[in-house]
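Worksheet for the structure shown next.
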Amino acid sequence: MSESGLTEWAYPLAESLLAAPLPRRWKHSIGVAERARTIAPILGEDADLLEAAAVLHDIGYAPDLAKTGFHPLDGARYLRDNTKADLRVIRLVAHHSCAWMEAEARGLRDELEGEFPREHPHLGDALCYCDMSTTPDGAPTNPVDRVNEIAGRYGQDSLIGTFIRRAEPEILASTVRVLERVAAVKRQPM
């Protein structure tokens, strides 16, 4: 599949899996993809790749796909086993937003990393930034508020609440790296 065809393929697939059973998750996924478009200038030829991964990143929540209860792994396995998805998209879905930390807490880190090598760090940073700067309803936010929202929704002492607090420094560092790249591109003369 060509990179230019990635988004045309990804949106209908994500919509078919999320829109009816999980409309709020679908709105979030659309918002994450919108954030990806806003940082396209720092992504170059990987812009479509990141947008496709952004709209697909939460498909593992779909009831028909949820096998382990760990949505990055479930979504990546679905893409690998049931589609002709670009391997880079699959890896980004598998590792989005510090997934390795949650995988570790769930006892799934060896499976995650054994099945899906990580993609280039600048793309992982970019997807993390897009995900963590989008509310559950798809609106823009900032990563600090997003982390607080996630911890509040799941409970501070829950597995997700503990994971997101542990991941917060890396989420914020990813955000800084992305915003520094955006600023550098904006400073370049046209």
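The values are calculated or read from the model by the stated rules, or taken from the named source; none is laboratory data. For clarity, every value in this text was computed on a predicted model and none was experimentally measured. Note that we place each Cβ from the backbone using ideal geometry, even for glycine, and neighbour counts take in every protein chain shown. Calculation scope for accessible area: heavy atoms of the full protein, side chains included, ligands and nucleic acids excluded. Shrake-Rupley method; radii C 1.70, N 1.55, O 1.52, S 1.80 Å.
Below are the figures for this structure:
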item	result
Residue 37 vs. criteria open to solvent by 60 Å² or more (accessible area, probe 1.4 Å), of a type in the set (Lys, Arg), closer than 24 Å to residue 16 by Cα and in a helix (DSSP H, G or I)	yes
Lone qualifier among 167, 151 - being touching a residue at least 60 places away in the same chain (Cβ under 8 Å), farther than 23 Å from residue 47 by Cα and either among the aliphatic types (A, V, I, L, M) or in a loop (DSSP other than H, G, I, E, B) (or both)	167
Meets criteria (part of a helix (DSSP H, G or I), in contact with a His (Cβ under 7 Å, 6 or more places away or on another chain) and closer than 25 Å to residue 68 by Cα) for residue 93	yes
Qualifying residue in segment 137-144 (condition: open to solvent by less than 60 Å² (accessible area, probe 1.4 Å), among the β-branched types (Val, Ile, Thr) and under 26 Å from residue 67 (Cα atoms))	no
Residues (surrounded by 15 or more Cβ atoms within 10 Å (Cβ to Cβ) and either touching a residue at least 40 places away in the same chain (Cβ under 8 Å) or not charged (D, E, K, R) (or both)) located in segment 78-87	78, 79, 83, 85, 86
Pair list, Cβ under 8 Å, 6 or more apart: segment 52-63 residue within 17 Å of residue 132 (Cβ to Cβ) and open to solvent by 10 Å² or more (accessible area, probe 1.4 Å), other residue part of a loop (DSSP other than H, G, I, E, B) and modelled with pLDDT of 95 or more	61/22
Residue 75 being farther than 21 Å from residue 18 by Cβ and either in contact (Cβ under 8 Å) with a residue 12 or more places away in the chain or in a helix (DSSP H, G or I) (or both)	no
Scope segment 50-76; condition over 21 Å from residue 160 (Cα atoms) and touching a Ser or Thr at 6+ places or on another chain (Cβ under 9 Å); matching residues	51, 52, 55
Qualifying residue in segment 115-136 (condition: more than 17 Å from the chain's Cα centre (by Cα), of a type in the set (Ser, Thr, Tyr), surrounded by fewer than 19 Cβ atoms within 10 Å (Cβ to Cβ) and not in a helix (DSSP H, G or I))	no
